[in-house]
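Read-outs throughout are calculated quantities, based only on the coordinates presented, and are distinct from any laboratory measurement. This one's a predicted model, so the numbers in the text were calculated from it and none came from an experiment. Neighbour counts are summed over all protein chains in view; Cβ atoms, including those assigned to glycine, are modelled from backbone coordinates with ideal geometry.
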Amino acid sequence: MRIIAGAFGGRMLQSPHNNITHPMSEKMRGALFNALGDVTGLSFFDPFAGTGACSLEAISRGAAHATLVEANTDSFKTILVNAKDLGVLDKLTVKRGNCAGWSGNNKSVLFDIAIADPPYKPKDIDIALAFRMARHVRQGGIFVLSAPPAQAETVALRAKQNPQISLLSHKTHGDGSLYFYRQNRTAVL
């Protein structure tokens, strides 16, 4: 796995020694950042950080800061190694823990962009928890959800239950789909 573009384009990233994370493929990360466009100076929230690849890609492309939350210890350590190797620890806030707990303790913290890429479990992913992370996107900001294409119906149902966001676009790439939403008003905390 590598950084695709920006200041660290081509640099390799470490992967954790577990089967829990499903790092977003380079093709999907490329599609994600092509859709987002220029991220220079923006703040990112990565509540299911995994390897940290999405946030590190954002920093490589000029994002000002990223906050990453990861529950798995091995993955958390991998994020720190990758950030240190790239020399960007000062542009990251990395927290070990569950994103629901972090969110509950940081209700007023808002970001320009949130990327919710929860682990793809064999049967289902926690779509409801992923959508709760949209509360941390400032008005006019972008919330991105990554989910398996088989979960499209569940995603549509949960999106209807979150009227503060509106769907901008939806793209499927292999085993994953990206849903882009705009935060229409200040999130209800």
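3J(HN,Hα) along segment 169-177: 6, 9, 9, 10, 9, x, 8, x, 10 Hz, from the Karplus curve 6.51 cos²θ - 1.76 cosθ + 1.60 with θ = phi - 60°, whole Hz, x for Gly and Pro.
Find, to one decimal place in angstroms, the Kirkwood hydrodynamic radius of segment 23-88, where the mean of 1/r is taken over every pair of different Cα atoms and then inverted. Mind showing how you got there, number by number?
Values: mean 1/r = 0.0833 Å⁻¹.
Kirkwood hydrodynamic radius for segment 23-88: 12.0 Å.
Once the other residues with Cβ under 15 Å from the Cβ of K27 are scored (Lys, Arg +1; Asp, Glu -1), what is the net sum? It would help to have the intermediate numbers written out before the result.
Numbers: positive: R2, R29, K171; negative: E26, E57, D117, D175.
It works out to a net charge of -1.
Among I4, I142, a tally of other beta-carbon atoms within 10 Å of each Cβ gives an order, fewest to most, of I4, I142. For F111, the amide hydrogen comes within under 5 Å of the amide hydrogens of V137, R138, counting only partners 5 or more places away or on other chains and with H modelled in the peptide plane.
Between [x] 41, 34, 31; [y] 55, 38, 24; [z] 46, 33, 32, which entry matches Cα extents along the principal axes in Å as derived from the coordinates of this structure? The value matching this structure is [x].
Restricting attention to segment 32-130, which trypsin sites (Lys or Arg not before Pro) occupy a DSSP loop and are surrounded by at most 15 other Cβ atoms within 10 Å? Spell out each step's value before the answer.
Numbers: sites: R61, K77, K84, K91, K95, R96, K107, K123; in loops: R61, K107, K123.
Sparse-neighbourhood loop trypsin sites (Lys or Arg not before Pro): K107, K123.
Exposure proxy ranking for S177, S15, S55, based on other Cβ atoms within 10 angstrom of each Cβ and starting from the fewest, stands as S15, S177, S55.
For a straight C-alpha distance cut-off of 20 angstrom, the aspartates and glutamates reachable from K77 (same-chain residues fewer than eight places away being disregarded) are D46, E57, D85, D90, D117.
Mean residue ellipticity at 222 nm from the helices of the chain, using -39,500 (n - 2.57) per DSSP H segment of n ≥ 4 over the full residue count, to the nearest 500 deg cm²/dmol? Present the calculation step by step, with values, prior to reporting the outcome.
Numbers: 6 runs with 55 residues, N = 189.
Only helices count here, giving -8500 deg cm²/dmol.
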